[in-house]
Amino acid sequence: MRKTTLTAAVAALSLIALTGCSAGGAGGAGATGGTSASGAKPVFVFLPKSLNDPYWVDARKGMEAEASKLGVSAKFLGPDTNDAAAQVTIFDSILATHPAGIAISPNDPTTVTSDIAAARAAGIPVIAWDGPVPNSQVEGYIGTNNVSAGEQAGEALAKSVGDKGSVAVIIGSLSAVNLNQRLQGVKQAIAKHPGMKLVATEVSNESVATAQSAAETILQAHPDLVGFVGIGGSDLPGAAGALKAANKCGTVKTVGFDVVPQGIAGMKAGCVTALISQRPFGMTQQALKILFDMNAKKSSLKNGFNIDTGVVVVTPDTLDAFVKTEH
């Protein structure tokens, strides 16, 4: 087992054992229907891909806001970086606490299907949030329609480059379903513009440094490049960094996900053309309410539900107003 996996497992177990540290004020989950040891509040668990991206900070805030509103406890437990094995270890550790509900955003969907099945067998509601888990027993999905979001990113890039020229993609991972769906959407958008050509697609492994290195390599190989699309959270900052180093900010256009500090800074510096916000704050608010209703046996959602929380295309003209909202 890798060191990161062990560290994540210890951290997760420690967090679960603590009291008074989760949203809503309740402590660790007990073994009886997801209530705390005193039986005071249901305990819900969100399992993000990682904790090291500002996107997840906004997602956690939304969960905490809804937990306070509902009077429940909610925990946000994930590996420090996008590590599928570490995420599974954390998932394993929370099953024994029998939470009232689980929301999972998988690094690799194939690695969490058995834990989802075990949770469902134990009577624990499980939903996919932010990223889908195909061929699993999740009760449904809430989050971005990633194909549509990818199309909107591609269209934003097309608009910025005048519908013509060579463009490239940086993608965080080829194992994450949601990122591949965004890539599909980007390709569909580019195909609608005959004057545009996708000349390179590189994987960053969700590392800003790797994304920047990949973007630098693409710029050298394609000096006529007019634009980048960053698919994952680390990809746009990496591409923007490469443009800044090459003194090509504004000359080569960049579009990507999400409205987080690095993307905002890049846009204010003239190195980012458009940001695609998935509204993570509202996404987790809705997800927790769904789990709350499921635990209370009052959900009207049918098995296999799919809720699209939508995206917003943010430009330099709309940035200041947008960041003042809960997103």
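Just so it is clear, none of the values below were taken in a lab; they were calculated from the coordinates. Small disclaimer: the values here were computed from a predicted structure and weren't measured. Counting neighbours? That spans all protein chains shown, and the Cβs are built from the backbone with ideal geometry, glycine included.
Miscellaneous remarks
- Net charge dipole size for the chain [Lys, Arg +1 and Asp, Glu -1 on Cβ; Debye, nearest 20]: 320
- The chain: angle of helix 3-17 to the longest principal axis, Cα-based, in degrees nearest 10: 40
- Helix 235-245 vs. the chain, principal-axis angle (Cα, 0 to 90°, nearest 10): 40
- Shape call, region 170-259: gyration tensor on alpha carbons, a/c limit 1.5: oblate
- Label separation (Lys324 vs Ser300): 3.5 nm, computed from points 7 Å beyond Cα along the C-beta direction.
- Long-range amide H partners of Ala200 with built H, under 5 Å: Val169
- Beta bridges by DSSP in the chain, antiparallel share as percent, to the nearest 5: 15
- Table column - 3J(HN,Hα) (Hz), region 250-264, Karplus curve with 6.51, -1.76, 1.60, x for Gly and Pro: x, 6, 9, 7, 9, 9, x, 10, 9, 8, 10, x, 5, x, 5
- Where trypsin sites (Lys or Arg not before Pro) in DSSP loops with at most 13 other Cβ within 10 Å are excluded, longest remaining stretch of the chain: 3-163
- Of Lys159/Lys187; Lys49/Lys253; Lys41/Lys75, pairs whose Cα-Cα distance is over 20 Å: Lys49/Lys253
- Spatially close Lys pairs in region 267-327, defined by Cα atoms under 23 Å apart and a spacing of eight or more places or different chains, total 4.
- Rounded if a/c under 1.5, otherwise prolate or oblate - the chain, Cα gyration tensor axes: prolate
- Three-way shape label, region 42-145, alpha-carbon gyration tensor, a/c 1.5: rounded
- Annotation: the antiparallel percentage among DSSP beta bridges lying fully within region 139-295 is about 0.
- The chain: angle of helix 280-295 to the longest principal axis, Cα-based, in degrees nearest 10: 30
- From its DSSP helices (H runs of at least four residues, each -39,500 (n - 2.57)), the chain gives a residue-normalised ellipticity at 222 nm of -13000 deg cm²/dmol.
- Leading residue at positive end of dipole, region 250-327 (Cβ point charges), from Val311, Asn295, Thr325: Asn295
- Converting phi to 3J(HN,Hα) with the Karplus coefficients 6.51, -1.76 and 1.60 and the offset θ = phi - 60°, region 60-68 yields 5, 4, x, 4, 5, 4, 6, 4, 5 Hz in sequence order, with x at every glycine or proline.
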